[in-house]
1. How much mean residue ellipticity at 222 nm does the chain get from its helices, if each DSSP H run of length 4 or more adds -39500 (n - 2.57) and you divide by all residues, to the nearest 500 deg cm²/dmol?
2. Whole-Å semi-axes of region 16-75's equivalent ellipsoid, largest first, each the root of 5 times a Cα gyration tensor eigenvalue?
3. Cα-based Rg (one decimal) and Dmax (whole number) for region 1-152, in Å?
4. How large, in percent, is the carbon and sulfur part of the accessible surface of region 170-228 at a probe radius of 1.4 Å?
5. Straight-line reach only, C-alpha to C-alpha below 18 angstrom: list the lysines that Lys215 could link to, leaving out same-chain residues fewer than 8 apart.
6. Report Rg (one decimal) and Dmax (nearest whole number) for region 75-139, counting Cα atoms only, units Å.
7. So how long is each side of the chain along the principal axes, counting just the alpha-carbon atoms, biggest first, in Å?
8. Can you tell me the accessible area per residue over the chain, all protein chains present, probe 1.4 angstrom, in square angstrom?
Amino acid sequence: MAQRKIIHVDCDCFYAAVEMRDDPSLRDVPLAVGGEGGRGVVTTCNYRARAFGVRSAMPGSEARRLCPGLVTVPPDMGRYRAVSQQVMAILREMTDLVEPLSLDEAFLDVTDVDAFKGSATLMARHLRERVSREVGITISAGVAPNKFLAKIASDWRKPDGLFVITPPEVADFVRELPVEKLFGVGQVTAARLHALGVKTCGDMQALGADVLIEKFGKQGYRLFEMAHGRDNRPVVVSRVAKSVSVERTFSQDLPDRSACDTVMPALVADLNLRLSRKGQHKPIHKLFVKIRYSDFSTHTLERVRESVTEPALVDFQPLLEELMPKDRPVRLLGVGVRFRNDDAPVTQLRLFD
Ligand code: TTP
Ligand code: MG
């Protein structure tokens, strides 16, 4: 198969960028969205606040301790959703092969785009300019022969950056790449790799596929492939899905229920974005909420909710309440829907007729 050309774009400090765009008085101050009045957690903050150590998912009280001059504003999901739609529309003018991952990031497969002399680098530059000019926020972009490298590349020169990994550069790029940067490598896998003396993809290559598969099973093979800079996942525009969900792992545990409550609107908004791309017109059967606590125990609660067409925050709140009866530190939070499977019951009935 011909070499793919993938672009990954990710908006810089997305919610904060929208707030700064709409209110000039917020542009030159350290700014956090969420966590106001010491309650709840910061959803994101601008780069000025990051210089003080403020981060996503940090309790507002801690953020203010690190950065006493921090200005906070409450999140306004409706406005972020509208800006996201504007950004995605610009991306879709480049190609139909756009796969949004959340409100603020997407993959594009531009392998067959002829414009810009077929140069993905020029396309990425063009997208960055257009979004900046027409939407008024900055995006960072990564260009690479596959999804996993493109996503790493978009982070490489953040904020307002562009980084390109051409096919001949892949081998050198991955050799020094820390294993933590790999898709699916969290704290636990990273610690296990470090225990094997593996810090970089180069180390992982040297360890070999057999050892990785022996130690990590199926994931070991994927790790080995990524360590060589290989990833065959296509950009998927819409799948025939049985369910659609979004989840977020927090770099710092959410301390309690009220912190979870402040994260939920963003999750539900991301879910609806995915639904609009993937689950169009499919009847919803169930809603579910997923939680992973700091001890890694994972719990899911699902409920039949057939009348829902566009699940809202209020539809998920009771599930979260039930799933999380008392305050505990949370590592991961997710929301999702399962679709009604209209075909299967019919065939089954016939079998038993
Ligand atoms: P990110 O792309 O992870 O972060 P960001 O765009 O704010 O900053 P950057 O990409 O420049 O590092 O997330 C996109 C948006 O999702 C973010 O603006 C707010 C929201 N979000 C949360 O609500 N909670 C979170 O824990 C994270 C990580 C993001
Ligand atoms: Mg972003």
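1. -12000 deg cm²/dmol
2. Whole-Å semi-axes of the equivalent ellipsoid: 16, 12, 9.
3. Every Cα atom of region 1-152 included, Rg and Dmax give 17.1, 55 Å.
4. The C+S portion of the solvent-accessible surface of region 170-228 is 55 percent.
5. Here the lysines satisfying the reach criterion relative to Lys215 are Lys199.
6. 12.1, 41
7. So the three principal-axis extents are 69, 52, 47 Å.
8. Per residue, the chain has 49 Å² of solvent-accessible surface.
The values are calculated or read from the model by the stated rules, or taken from the named source; none is laboratory data. It should be emphasised that the depicted structure is a prediction, and the values quoted were computed from it without experimental measurement. Heads up: the accessible areas ignore ligands, DNA and RNA and are worked out on the full protein's heavy atoms, side chains in. Shrake-Rupley method; radii C 1.70, N 1.55, O 1.52, S 1.80 Å.
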